[in-house]
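The values are calculated or read from the model by the stated rules, or taken from the named source; none is laboratory data. Not measured: the values here are computed from a predicted model. Positions of Cβ are backbone-derived with ideal geometry, glycine not excepted, and every protein chain shown enters the neighbour counts.
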Amino acid sequence: MGRYEFSVIIPTRNRCGDLRGCLQALTRQDFDRANFEVIVCDDGSDEPIDSIIEEFAKDGFNLRYARQPPKGPAAARNLGIRQATGSIVAMTDSDTLPDRRWLSKLNEAFQSQPDAAGVEGKVYAENEGEFDPLGEGPINKDGGVFLTCNCAYRREALIEAGGFDESFPYPAYEDTELAARIQQFGRIAWQPEAIVLHPQRPLTLRAVIKKLRHWEFILVMGHRYGYLAWQRYPVRHPGLRVAALSVIALPLAKMKSALQWMGRRPGAALKLAGFGIVESVGALFLVVPKALFGGMRNRIDRPDYLKISR
């Protein structure tokens, strides 16, 4: 096994069809194939992910497969980082479509900015328009969001930072938590020409309820770094702020969006308003007790998850 300039890490779980599309996009990169490897990190899939790997490896693609029991995307990415041989570790998700110039534009940013510990790129939905009233997805059009579906870090900076915090078990805020630590070793540059398309996801009642669990990790960020997820949201009392945002602010935002859609999509707008009510009531019981009485201050410290000698 040789060494490469880039190692591309893709965590996945039960997304054979999406993974095939992502790998096809990576085979079309205008970056020399000899200079990058792809490591698919299977987080305990029930689907035959290994068959997809075999399909693409036959074409001479530098592709490897690693598997672990279900632990979450943070642990899956750490699995890939430990096996990576590239000096730069680029990351995307298994349901994305990286632009053909994705790696070459990330590489340009690292070459022109040797002081950068990392580079983040642009992320938007396939149609570049607004989401449907019952649709959602990650967006990064101006930088400072640090989405792991489109970012790259120098491997030495990842080792210094200790990798992703595996106590963040969901695909939520493990990326901003890592970025907070990476920036202790160097800045994260913005490269808008490195583009990844991300499909719109359906906003369902189940998704709304599942996202209530994410507030715990926003709260951890507040106690560790003094801001909620991103530096533009500084906070002095994380528990009180999280309680207010989860019960009032975000449900009201759904209500406002529902009003805006009422004329065009009344059925979807009413459903969205209902989601806002469920979110507010759910947060009252599932988020507020942890925010105010959960003892999150005890989770300020974190271990080195990579355990790679520096």
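Only residues that are more than 24 Å from residue 215 (Cβ to Cβ) and not in a loop (DSSP other than H, G, I, E, B): list them for the stretch 137-157, please.
Selection gives 152, 153, 154, 155, 156, 157.
Determine whether residue 199 is in contact (Cβ under 8 Å) with a residue 60 or more places away in the chain and surrounded by fewer than 17 Cβ atoms within 10 Å (Cβ to Cβ).
Criteria met by residue 199.
When you scan the stretch 95-121, how many residues do you find that are under 13 Å from the mean Cα position of the chain (by Cα) and in a strand (DSSP E or B)?
So the answer is 2.
Taking the condition in the same structural domain as residue 18 (by TED's automatic domain parsing), at pLDDT 95 or above and of a type in the set (Asp, Glu), does residue 136 pass?
Judged against the criteria, residue 136 is not a match.
Would you check if residue 259 is surrounded by fewer than 16 Cβ atoms within 10 Å (Cβ to Cβ) and either without any contact (Cβ under 8 Å) to a residue 60 or more places away in the chain or in contact with a Ser or Thr (Cβ under 9 Å, 6 or more places away or on another chain) (or both)?
yes
Please state which one of 157, 172 is among the small types (Gly, Ala, Ser), surrounded by 15 or more Cβ atoms within 10 Å (Cβ to Cβ) and farther than 23 Å from residue 83 by Cβ.
Unique residue meeting the criteria: 172.
Could you pull out the residue among 244, 291, 283, 253 that is at pLDDT 95 or above, buried (at least 19 other Cβ atoms within 10 Å of the Cβ) and among the small types (Gly, Ala, Ser)?
After ruling out the rest, the residue left standing is 283.
From the list 193, 166, 160, pick out the single residue that is acidic (Asp, Glu), in the same structural domain as residue 80 (by TED's automatic domain parsing), assigned to a loop (DSSP other than H, G, I, E, B) and in contact (Cβ under 8 Å) with a residue 12 or more places away in the chain.
166
If a residue has to be polar (S, T, N, Q) and either without any contact (Cβ under 8 Å) to a residue 12 or more places away in the chain or buried (at least 16 other Cβ atoms within 10 Å of the Cβ) (or both) to count, how many in the stretch 25-34 make the cut?
Total satisfying the criteria: 1.
Return yes or no: is residue 43 out of contact with any helix residue (DSSP H, G or I) (no Cβ under 7 Å at 6 or more places or on another chain), assigned by TED's automatic domain parsing to the domain that holds residue 103 and free of Cβ contacts under 8 Å to residues at least 60 places away in the same chain?
no
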